[in-house]
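The values are calculated or read from the model by the stated rules, or taken from the named source; none is laboratory data. Remember, it's a predicted structure, so these values are computed and weren't measured experimentally. Please note: Cβ atoms are built from the backbone with ideal geometry, for glycine as well, and neighbour counts cover all protein chains shown.
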């Protein structure tokens with residue numbers, strides 16, 4: 001049952017990412033010049049996989065979270081010809097917060113001091129996003145039909161994190 005929930009989470013992420021891909025690129029524009037971000041994304045995913053497979057310490061989630069976030073951003077920017085880069089640059093501020101927050105979530109015992117840089121980076125990144133243009137963000141999320149693929153990816157990630165958290169609590 002537990003693996004089924006994780007599988008559902010991964011499936012939702014893949015469907016959401018395919019939806020984003022299809023929205024911006026279509027499925028006929030597969031060429032290597034669009035895939036250079038894989039050199040950032042794959043190491044990040046390997047750090048993540050190393051921890052979740054039990055082979056690496058929780059500290060590996062910090063570079064894993066940063067590289068995975070930046071790799072996904074680079075894929076997004078590449079497939080949209082960087083036309084949103086003026087609005088998405090705060091993701092560079094959020095990336096370390098994501099890695100540090102993962103460390104907080106999965107390192108036992110929790111190091112509450114990690115929430116300080118996570119909070120600072122989150123607030124600064126959020127303020128930067130709001131400062132860019134609320135109207136631009138509204139159009140990006142709703143006018144171009146990005147809500148459903150992003151929602152599927154987020155829901156899939158939440159399911160996987162919740163499942164991983166439940167599994168690690170059962171082993172205690």
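Some values worked out for this structure:
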{"read-out": "Enumeration of residues in segment 90-129 that are without any contact (Cβ under 8 Å) to a residue 40 or more places away in the chain and in a loop (DSSP other than H, G, I, E, B)", "value": "109, 110, 111"}
{"read-out": "One residue from 15, 70 being modelled with pLDDT under 90 and either surrounded by fewer than 16 Cβ atoms within 10 Å (Cβ to Cβ) or assigned to a helix (DSSP H, G or I) (or both)", "value": "15"}
{"read-out": "Conditions (1) at pLDDT below 75; (2) out of contact with any helix residue (DSSP H, G or I) (no Cβ under 9 Å at 6 or more places or on another chain); (3) surrounded by fewer than 12 Cβ atoms within 10 Å (Cβ to Cβ); number of the one not met by residue 145", "value": "(2)"}
{"read-out": "Matching residues in segment 32-66 - criterion: being surrounded by 18 or more Cβ atoms within 10 Å (Cβ to Cβ) and farther than 17 Å from residue 104 by Cα", "value": "37, 40, 41, 44"}
